[in-house]
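Reading through the structure tokens given below for one structure.
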């Protein structure tokens with residue numbers, strides 16, 4: 001069993017109230033081979049919600065108290081992002097999950113890139129808050145852009 005960003009599994013939970021469904025990943029959930037988590041919603045953020053970006057670094061810097069997560073209007077939502085990451089991790093642990101596929105570019109779930117904190121659409125290399133936490137806890141985090149690794153792994157073990 002794996003974890004999957006809820007929006008990739010078809011749940012309309014992104015900041016804009018939309019999903020970014022990947023049908024194969026949704027099928028894994030329907031076949032009880034995966035569970036869905038949305039760290040932002042678990043942290044208490046609403047759907048839809050104002051866009052948020054990390055300012056001052058990436059998710060690892062947030063956990064080192066060197067960066068913060070702000071909404072476009074300047075509200076500090078760092079604690080909500082951190083709480084959501086911890087609750088999502090606990091949900092994954094409860095199911096003995098050690099691998100998760102996350103939504104790239106998200107301030108929570110970005111694996112290889114996130115928006116740069118300027119709300120200009122520019123991206124930087126880095127991880128989101130939940131991704132950084134999951135990696136620090138020893139989970140394998142796979143970007144949505146590399147979800148095929150899950151298919152290859154199944155073929156190897158199948």
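The values are calculated or read from the model by the stated rules, or taken from the named source; none is laboratory data. It should be emphasised that the depicted structure is a prediction, and the values quoted were computed from it without experimental measurement. A quick note on method: Cβ atoms are made from the backbone with ideal geometry, for glycine too, and the neighbour counts reach across all protein chains shown.
The single condition from (1) at pLDDT 95 or above; (2) in contact with a helix residue (DSSP H, G or I) (Cβ under 9 Å, 6 or more places away or on another chain) that residue 151 fails is (1). Of the residues making up the range 111-137, those that are surrounded by fewer than 19 Cβ atoms within 10 Å (Cβ to Cβ) and under 18 Å from residue 82 (Cβ atoms) are 135, 136, 137. When residue 109 is tested against the conditions (1) in a loop (DSSP other than H, G, I, E, B); (2) closer than 9 Å to residue 58 by Cα, the lone failure is (2).
Does the range 78-101 contain at least one residue that is touching a helix residue (DSSP H, G or I) at 6+ places or on another chain (Cβ under 7 Å) and under 14 Å from residue 144 (Cα atoms)? Yes, some residue in the range 78-101 is touching a helix residue (DSSP H, G or I) at 6+ places or on another chain (Cβ under 7 Å) and under 14 Å from residue 144 (Cα atoms).
Does the range 92-99 contain any residue that is at pLDDT 95 or above, under 15 Å from residue 15 (Cα atoms), part of a loop (DSSP other than H, G, I, E, B) and over 13 Å from the mean Cα position of the chain (by Cα)? No, the range 92-99 has no match at all.
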